[in-house]
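Structure first, then comments.
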Amino acid sequence: MNTMTAMNNSRSGRRYDREFKNNAVALVRSGRTVTDVARDLGVSKWSLGRWVEQAKTGQALSEPKTLSVETAEQRELRRLRQELEYVSRQRDILKKALGILSAEVPPNASR
């Protein structure tokens with residue numbers, strides 16, 4: 001079995017393609033223990049156990065999820081939204097400060 005069919009994703013751990021999962025399940029069905037196969041393939045025994053259960057119940061083994069790639073326009077839009085939020089907060093603070101500073105002092109206020 002070729003462990004190179006496994007795809008590595010640094011954000012959310014490893015993701016394995018359907019062929020890799022089917023081959024791992026076949027090894028378990030050939031009489032080897034889940035723990036031994038998991039150790040040999042470098043996968044968690046819980047993941048392998050879940051794949052075996054899915055195969056027993058006839059559920060298709062899922063393909064790895066693909067991560068969406070953020071385009072330059074999306075990055076720029078996200079940056080501009082963050083900047084707008086920051087500038088809006090600054091504006092609100094300055095409005096409050098101006099309101100406090102421009103408030104008239106009552107004529108009989110003691111100093």
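The values are calculated or read from the model by the stated rules, or taken from the named source; none is laboratory data. None of the values given here were measured: they were computed from a predicted structure. Using ideal geometry, Cβ is built from the backbone for each residue, glycine included, and neighbour counts are taken over all protein chains shown.
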Given the condition closer than 21 Å to Arg14 by Cα, at pLDDT 90 or above, polar (S, T, N, Q) and more than 24 Å from the chain's Cα centre (by Cα), answer yes or no: does some residue in segment 26-34 qualify?
no
Can you tell me which condition Val43 does not meet? The list is (1) outside any helix (DSSP H, G or I); (2) surrounded by 13 or more Cβ atoms within 10 Å (Cβ to Cβ); (3) modelled with pLDDT under 90, and all the others hold.
(3)
What pairs come out if I take residues in segment 38-49 that are on the phi > 0 side of the Ramachandran plot and pair them with residues that are surrounded by fewer than 17 Cβ atoms within 10 Å (Cβ to Cβ) and part of a helix (DSSP H, G or I) whose C-beta lies under 8 Å away, six or more apart or interchain?
Gly42/Thr3
